[in-house]
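What follows is calculated from the coordinates using simple rules that are stated; it is not laboratory data. Note that the structure is predicted; figures quoted are calculated from it, not measured. Note that each Cβ is placed from the backbone with ideal geometry, even for glycine, and that neighbours are counted across all protein chains shown.
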Amino acid sequence: MSQTTLLEEVSLWSQDTCRQEVHSILPKLIAMHQKTESTEEHIHVLKVITGMFLPHLNIAELEEECFSKVLPKVVNMFDQQIDDITNQVEGLSSQNTELCLFLRNILQMMVQMLEVLSGCVRHVCSVEETPALNSIRSLPSCVLKVLRNTFKHCKESEVVYCGRLSLVGDLLQGLFKEAYSLQKGLMELLDRISLDNTPSETDIADILTVIHSLLDFCSVISNLDIVLHANTWKFIIKQSVKYSSLVEVRLRHDDITSGLCGDLLVSFHSCLELAEQIRLTGLKQVAASPEYKLFQKTTKMCRFFANTLVHYIKEFKAFLSKSCSRFHQLYLQIASKFPPSLRAPLLPTPLSEEINGAALVPMDALLSQLLPLRNFAEAVLNPTHQLSAETELPHCLLLVSVLGQVISQPEETLHLWCDGSQFPEDTPRLPLFRALFQSFRRCSLERRVPVYLPGLMIKGQAQVKVTLHHHVCVTLCACVAALPAQHFPLLEQSLLEALLQPDTQTALLATDVWCFMARYGSAELCLRHVLLIAHLVRLCTQECYQLSHLGLLLRRMVFLMTPNHQKELVERFPPAQWENLGVWRHILVRALSQDARQRVEADIIALTDSTVRDWQQAGYKLGQLDKVNIALLSLLSVVRGESPEACFLLSAQGIVSELWACMCPNQAQTHPIIQTTLRLLLSMVTILVKSIDTQVICQALVCVGALVSQKCPDDLMLAALDFLASLGKVFIPNDSQSLVLPKLSDLFGALLVEKSWLLQQHALEAFAHFVEATNHEEVISQSLSFEETKNKVVNYLSKTIITQEMPEIRLQRIICEIPVVEQHNDRVETEEHAAKDSSPAAESTADTEPCPKRARQETSVEEEYRRYLQTAESALKAMQTLAERGTSDTTAPISPPQWVTLRLQELQSVITQMTTSGSTT
């Protein structure tokens with residue numbers, strides 16, 4: 001009987017006949033299927049086999065009797081069809097009807113093959129008995145191969161058909177739909193299958209093949225259909241978890257997590273693009289628009305991938321060590337697209353909240369799963385990783401989130417994050433606290449703008465926006481409160497390291513946390529820390545940049561000490577000793593108890609007076625002026641105290657008055673050390689202005705006039721402006737008004753037109769304070785002689801903004817300024833380290849040779865004579881003015897004390913002796 005006759009006869013058989021003859025006819029049909037070369041005949045035979053005889057085979061017979069013999073050729077024939085299309089499609093056009101018909105026939109036959117495979121899958125699914133995997137082994141593998149080629153062909157159709165897709169588009173759509181249905185049926189079938197209690201190695205390999213084949217699908221179908229893509233991933237994860245005990249060691253975990261991360265990022269960026277399109281379109285009915293519906297679908301996919309990734313990590317975290325760096329980057333990439341990141345897109349609030357719930361919220365769950373993983377800790381705490389500008393802030397916020405969660409973790413996890421790498425063979429890993437301070441320092445742009453984050457809800461009050469500094473500080477302090485004692489040494493090291501680096505705001509953050517630790521801890525802990533900080537302050541030189549940071553911390557910590565411990569501080573660092581003055585200059589005496597305060601004030605006053613006397617007796621040598629400055633710094637802390645003792649205040653006034661008489665402002669430009677002295681004296685006169693003598697005010701005004709004309713450094717000019725502002729609090733006596741008020745008007749007029757924005761702003765502030773308090777209103781009008789100056793002052797007082805910097809321009813300006821500041825900080829640190837690495841001999845020389853000595857060596861003898869004579873002349877003229885003012889008082893004339901006459905006679909003898917010896921020489 002010929003093949004055609006056999007097929008025609010079999011096609012007419014009933015189901016009963018087919019069931020009776022299945023074992024005799026099926027081998028003949030399979031042989032016919034193997035031999036036929038015609039695709040049409042092949043499909044015909046295939047339909048007869050699967051449609052009429054397959055239902056009459058037992059489950060156990062399917063693989064051996066049918067699938068293993070039939071399906072491999074189906075795969076080959078299907079591949080051949082795709083090759084035929086690829087070879088012939090170049091000539092496809094609407095005019096070439098023959099080729100168009102040929103290609104359409106091929107596509108129709110491909111659809112029929114898929115229908116046959118779908119019939120096989122449906123039949124196995126319809127069987128009540130759960131099939132064993134080895135009974136249908138060839139079916140999943142062959143179907144997966146056909147599906148992959150089908151989806152790949154559909155995805156590449158625009159390129160394959162070269163713009164002539166419309167000629168075959170309907171058939172390609174049918175092909176995709178049939179493949180979609182086939183994959184859905186296959187996954188349902190595989191979901192029903194369960195392995196024996198003792199599965200064979202072949203069964204395990206088959207399961208792995210299915211999972212990995214579907215994994216390869218995902219990159220192909222990602223742009224074809226959202227639902228198919230999601231269902232495929234869902235099946236992959238479900239099967240991986242279902243057979244985890246069998247396949248977890250051999251699963252391609254890196255590929256699975258990489259695929260999930262990639263698809264999550266693709267859907268996430270699609271959400272951002274769609275939201276941006278909706279924003280730009282400005283749709284009034286957003287909810288009803290097609291764009292919004294697509295946005296919702298994409299957001300749903302984004303949430304699905306994020307949650308799926310979290311679920312997979314939860315199940316297989318022990319096998320994901322190689323993917324931890326990828327997870328770190330994923331977190332940063334997603335977080336960088338949300339506020340407070342400065343580079344986050346500006347999206348409508350409802351759309352932004354939807355994306356936040358889909359992508360950013362699952363990142364917290366992701367972080368919770370990854371915390372116990374050493375490789376993730378190493379990726380996050382890597383001391384050498386280079387982050388882009390847009391991921392610096394997300395990395396800092398990631399560390400803050402870790403800090404907030406790690407405290408509640410087991411001890412092992414806490415050690416992993418807080419201790420850093422312990423042995424040379426370990427992968428380098430920073431301690432968490434040090435990493436957070438370093439990351440905070442790198443977020444200089446976000447601190448300067450500044451960015452704001454949601455604050456904590458307190459007592460039911462609504463959240464308020466807080467700065468990055470506030471956000472990090474609150475989390476750090478909360479962690480300190482719950483941190484086990486064994487981790488405090490590393491915390492203290494990190495705080496000290498942050499305090500001693502040049503970035504001021506990072507040092508301020510460390511200071512805030514340190515003060516909280518002192519308040520939260522015991523009084524003894526606070527004492528130990530204060531003694532340590534005071535010791536470090538004493539070791540610092542005046543030029544050391546760390547001194548200001550240490551001094552700030554010391555100043556704040558003294559407030560937290562008990563009275564007895566403050567007394568101990570005084571005993572350990574007696575203010576009467578010269579080497580301790582550098583410590584007490586940083587301490588506010590109002591922070592001390594009454595007893596400690598009185599002793600400190602008395603010791604500092606006595607030592608300062610002694611230092612000034614020694615300097616005067618030494619002939620006002622420039623090389624010893626640095627000691628006077630150190631003493632004045634400590635005296636300034638006493639003067640700034642709240643209501644110092646009357647005797648101490650009087651002594652301070654006397655010291656200040658004596659020093660003003662010795663000052664020669666003409667030397668300030670040449671000798672920076674004199675600038676320091678003048679700045680300190682101006683600061684003290686500002687505080688003591690209500691009780692200081694008018695003659696001292698006159699001397700200070702003369703000095704300020706000389707400084708303005710010499711264009712002295714800004715810090716000195718700022719002190720001068722504070723002094724001028726304080727003069728509004730005093731009434732100048734009538735006999736001195738003609739000397740003081742014109743000078744005051746001239747100085748304000750000159751400083752209000754300063755080109756430096758810093759000096760001009762402070763000049764406006766100083767003038768405003770003066771105007772609010774003064775009784776000498778004529779100074780106001782005389783200072784505003786120029787219309788431009790008058791307009792500036794009026795605008796400032798009325799808070800009128802003339803020009804306002806746009807936010808975008810301001811942001812760009814700050815971005816340009818930050819590298820300059822960072823280069824300065826790096827240079828300061830480099831110079832500091834170089835100084836520490838210098839030889840002991842060089843260090844000894846640097847310590848023993850004072851800066852003033854070098855300054856004196858650069859000055860000629862003639863110049864020194866001129867300087868001393870100027871000083872003496874200024875002092876004598878000031879004394880003469882004081883004497884004339886006393887005797888001119890008609891109501892109660894005041895003669896100079898008797899000792900003044902005796903001292904003048906002694907000075908006359910010295911002058912006569914010097915003149916005689918000079919002429920003799």
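Shown for the stretch 15-73 is the translational diffusion coefficient from the Stokes-Einstein equation, using the Kirkwood radius over Cα pairs, a temperature of 10 °C and a viscosity of 1.306 mPa s: 138 µm²/s. Across the stretch 772-808, the residues whose backbone nitrogen lies under 16 Å from the label position 7 Å along the beta-carbon direction of Gln737 are 774-783. Rg over Rh for the stretch 574-720 works out to 0.96, both radii taken from alpha-carbon positions and Rh defined as the Kirkwood radius. Cβ crowding within 10 Å ranks Trp615, Trp660 as Trp615, Trp660, fewest other Cβ atoms first.
Within a straight-line Cα-Cα reach of under 16 Å, Lys293 can be paired with the following lysines, leaving aside sequence neighbours fewer than 8 residues apart in one chain: Lys284.
Assign one of three labels to the stretch 725-816, namely rounded, prolate or oblate, based on the Cα gyration tensor with a ≥ b ≥ c the square roots of its eigenvalues; rounded applies when a/c is under 1.5, prolate when it is not and a/b is larger than b/c, and oblate otherwise. In terms of gyration-tensor shape, prolate. With q set to 0.09, 0.10, 0.17 Å⁻¹, the log10 of I(q)/I(0) for the stretch 97-242, from the Debye formula over equal scatterers at the Cα positions, is -0.31, -0.38, -0.96. Three semi-axes describe the equivalent ellipsoid of the stretch 51-180; taken as square roots of 5 times the Cα gyration tensor eigenvalues and ordered largest first, they are 33, 12, 12 Å.
Building the convex hull from the alpha-carbon atoms of the stretch 600-686 and averaging its projection over directions returns 5.2 nm². Amide H to amide H distances under 5 Å link Val466 with Leu453, Gly455, where only residues 5 or more positions off or on other chains count and H is placed in the peptide plane. The relative contact order of the stretch 22-106, computed from alpha carbon pairs under 8 Å that lie at least 6 residues apart in sequence, is 24 percent. Annotation: extensible slack from Leu224 through Ala482 equals 87.8 nm (criterion: 0.36 nm per residue apart, minus Cα-Cα distance). Each peptide in 111-119, 739-747 receives the mean, over its residues, of other Cβ atoms within 10 Å, and ordering these scores from highest gives 111-119, 739-747. Arranged from fewest to most other beta-carbon atoms within 10 Å of their beta carbon, Tyr243, Tyr865, Tyr620 become Tyr865, Tyr620, Tyr243. Per residue, the chain reaches -23500 deg cm²/dmol at 222 nm when only DSSP H runs of four or more residues are counted, each adding -39500 (n - 2.57).
Under 16 Å of direct C-alpha separation, and excluding same-chain neighbours fewer than eight residues apart, Lys322 reaches these lysines: Lys314. To the nearest ten degrees, helix 546-558 and the longest principal axis of the Cα atoms of the chain are 80 degrees apart. The slack between Trp899 and Gln463, meaning 0.36 nm per residue of separation minus the straight C-alpha distance, is 150.0 nm.
Size descriptor for the stretch 371-483, Kirkwood hydrodynamic radius: 15.0 Å (Cα pairs only, one decimal). Take the Cβ-Cβ distance between Thr86 and Leu342 as r, set R0 to 56 Å, and report the resulting FRET efficiency rounded to the nearest 0.05. Computed FRET efficiency for Thr86 and Leu342 comes out at 0.65.
Cβ-Cβ distance of Lys300 and Gln34, R₀ of 35 Å, FRET efficiency by 1/(1 + (r/R0)^6): the value works out to about 0.15.
Restriction of the trypsin sites (Lys or Arg not before Pro) in the stretch 324-405 to DSSP coil positions whose beta-carbon has at most 14 other beta-carbons within 10 angstrom yields Arg343.
Counting only residues at least eight positions apart within a chain, or on another chain, the lysines with an alpha carbon under 30 Å from that of Lys317 are Lys184, Lys234, Lys238, Lys242, Lys297, Lys300, Lys337. Taking the square roots of 5 times each eigenvalue of the Cα gyration tensor of the stretch 252-363, largest first, gives ellipsoid semi-axes of 29, 14, 10 Å. Projected label points at Ser181 and Glu805, each 7 Å from Cα along the beta carbon direction, are separated by 6.7 nanometres.
Taking the average, over residues, of other Cβ atoms within 10 Å as the packing measure, peptides 212-218, 630-636 rank 630-636, 212-218 from highest down. In this simple spin-label model, placing a label point 7 Å from the Cα along the Cα-to-Cβ direction at both Glu115 and Ala768 gives a separation of 8.6 nm.
Listed by Cβ neighbour count within 10 Å, with the fewest neighbours leading, Leu224, Leu764 appear as Leu224, Leu764.
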